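Structure, as structure tokens:
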Amino acid sequence: MLKSISSNGCQVHFNEKSYEELNKHLNNQGYSKIFILVDENTHTNCLPVLLGKIEQVYDIEIIEIGAGEAHKQIETCTEVWKIISEFGGDRKSLLINLGGGVVTDLGGFVGATYMRGIDFLNIPTTLLSMVDASVGGKTGVDLGPLKNQVGVILNPLMVLIDTEYLATLPPNELRSGLAEMLKHGLIYDEAYWNELKNLAQLTTNDLDELIHRSVVIKNEVVTEDPREYGLRKILNYGHTLGHAIESYFLQSGDKTTLLHGEAIAIGMIMETYLSSELLNFPKDKLDEIKATFLNYFEKVTITNEDMEAIIVLMKHDKKNAHGNVNFVLLEDISKPKLDITSNKELLINSLEYYKK
């Protein structure tokens, strides 16, 4: 059995232990109402599993939102707040967020703000949300195409990770989560990077342990720096360019929307190129990182004209200060360095390196 993890007062439980703790909590608290937030996919594929694990009869209402990043907006929150209110939600209500990062981020923000805060807990159902959104207490929504511009940091009561939900995911969603796991290795643990790099040699039985290791890594970082004043910034490696790329493809009518991990994979290749130019990151490891990501992620067409717009979007990144676009770069694998700036020429060159 995988060991539970304590994250700034929030307990992260795994697999069957999750449901033991959930039922114990529901039995002890006596909530006036339980709301379960789902999207259209988790409503069909995951909700029946969860309801089958709840041992007693409670007053439960299901709230469904649209699936995908396009619905991670304040307008969706407004609709959810209204539904909770219309169904008699009060300060003694519980909100269970069952879904990927969009559901847990948005649901956490709804729970943190409805009546100035009600209890909420997260049940991530995608690999990405298990290894990324599950720990750290970040909640919030996008502002138009700009990622995560509005939100608060507040931990859920608990996080319940059941890897059986991964059986409902298509391959591209699994790869999206893998990008964040690879990131954890690159910024924190070279041995973990090397293990994931050779994923083809691993079996599905290894997946639970790998997910647990990623959660441990992220938890160690956010426990030391919960408000992102220093160390926690390393989790943004690949995200300065990656978020801007994701936003650009989301708002462009003639582009296919990218999953978060697909965009971050591009960002990590390009930001590792910047690392090689600005911090002397080893060239052989740069090429190895590019080859590893392109082994999992199909190359995406990005033109120089696209890049001009992407550079503009980077100016809205949350790590920026005093008008500077700040990057997390690498001196070597597991040796990140914060608040590095780059000129436009190097940014263009990083795209050329990705494309060639």
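The values are calculated or read from the model by the stated rules, or taken from the named source; none is laboratory data. Everything numeric here is computed off the predicted structure, so don't read it as measured data. Note: ideal-geometry Cβ built from the backbone for every residue, glycine included; neighbour counts use all protein chains shown. Only protein heavy atoms, including side chains, enter the accessible area calculation; ligands, DNA and RNA are left aside. Shrake-Rupley method; radii C 1.70, N 1.55, O 1.52, S 1.80 Å.
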At 1.002 mPa s and 20 °C, plugging the Kirkwood radius over alpha-carbon pairs of region 240-325 into Stokes-Einstein gives what diffusion coefficient in µm²/s?
157
So, taking all protein chains as they sit and a 1.4 Å probe, how much accessible area belongs to residue 257, in Å² rounded to tens?
80
Between residue 158 and residues 5 or more places away or on another chain, the pairs with built amide H atoms under 5 Å apart involve 122
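When the chain is fully extended, how far beyond the present Cα-Cα distance does residue 288 get from residue 309, taking 0.36 nm per residue of separation?
Values: separation 21, 0.36 × 21 = 7.56 nm, distance 2.84 nm.
Stretched fully, the residue 288-residue 309 segment lengthens by 4.7 nm.
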Contact order relative to length of the chain, as percent, for alpha carbon pairs under 8 angstrom and 6 or more apart
14
Taking placed amide H atoms and a strict 5 Å upper bound, the residues 5 or more places from residue 258 or on another chain that come that close are 250
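Quick one: divide the alpha-carbon radius of gyration of the chain by 2.2 N^0.38 Å and tell me what you get.
0.98
Which value, in Å², gives the accessible area per residue of region 1-99 when a 1.4 Å probe is used on the protein heavy atoms?
Numbers: 4790 Å² over 99 residues.
Value returned for region 1-99: 48 Å² of accessible area per residue.
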Which cross-chain or sequence-distant (5 or more) residues have an amide H under 5 Å from the amide H of residue 99, H modelled 1.01 Å from N in plane?
123, 125
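What's the extension gain from residue 20 to residue 168 if we count 0.36 nm per residue and subtract their Cα-Cα distance?
51.0 nm
So what is the calculated 222 nm ellipticity per residue for the chain, using -39500 (n - 2.57) for each DSSP H run with n of 4 or more, over all residues, to the nearest 500 deg cm²/dmol?
Numbers: 13 runs with 166 residues, N = 356.
-14500 deg cm²/dmol, from helical runs alone.
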Give me the angle, in degrees from 0 to 90, between the Cα long axis of helix 283-296 and the longest principal axis of the Cα atoms of the chain, rounded to the nearest 10.
40
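If packing is taken as the mean number of other Cβ atoms within 10 Å per residue, what is the order of 229-236, 102-109, highest first?
Values: 229-236: 17.9, 102-109: 26.6.
Highest-to-lowest ranking by the protection proxy: 102-109, 229-236.
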Kindly express, to the nearest 10 degrees and within the range 0 to 90, the angle between helix 171-188's C-alpha long axis and the longest C-alpha principal axis of the chain.
70
Answer rounded, prolate or oblate for region 62-120, using the Cα gyration tensor with square roots of eigenvalues a ≥ b ≥ c: rounded when a/c is under 1.5, else prolate when a/b is larger than b/c, else oblate.
prolate
I'd like the Karplus ³J(HN,Hα) series for region 91-102: coefficients 6.51, -1.76, 1.60, θ = phi - 60°, whole numbers in Hz, and an x wherever there's a Gly or Pro.
5, 9, 8, 10, 10, 9, 9, 10, x, x, x, 5
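Of all the accessible heavy-atom surface of region 120-250, with the other protein chains kept in place and a 1.4 Å probe, what percent is carbon and sulfur?
Details: 2350 of 4460 Å².
Carbon and sulfur: 53 percent of the exposed surface of region 120-250.
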Report the normalised scattering of region 70-170 as log10 I(q)/I(0) at q = 0.15, 0.18, 0.19, 0.25 Å⁻¹, calculated by the Debye formula with identical scatterers on the alpha carbons.
-0.56, -0.80, -0.89, -1.34
Only bridges whose two residues both fall in the chain count here: according to DSSP, what percent of them are antiparallel, nearest 5?
35
Could you tell me the distance between the Cα centroids of region 293-356 and region 12-73, to the nearest Å?
38
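Packing-wise, with mean Cβ within 10 Å as the measure, how do 181-191, 279-289, 121-131 rank, highest first? Working shown, then result.
Values: 181-191: 22.1, 279-289: 15.0, 121-131: 28.8.
In decreasing order of mean packing, 181-191, 279-289, 121-131 become 121-131, 181-191, 279-289.
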Set the bar at 32 Å for Cα to Cα. Now go through 3/183; 24/318; 72/344; 92/138; 82/183 and name every pair that lies beyond it.
24/318; 82/183
By the Kirkwood definition, with r running over pairs of different Cα atoms, region 141-242 has a hydrodynamic radius in Å of 15.5
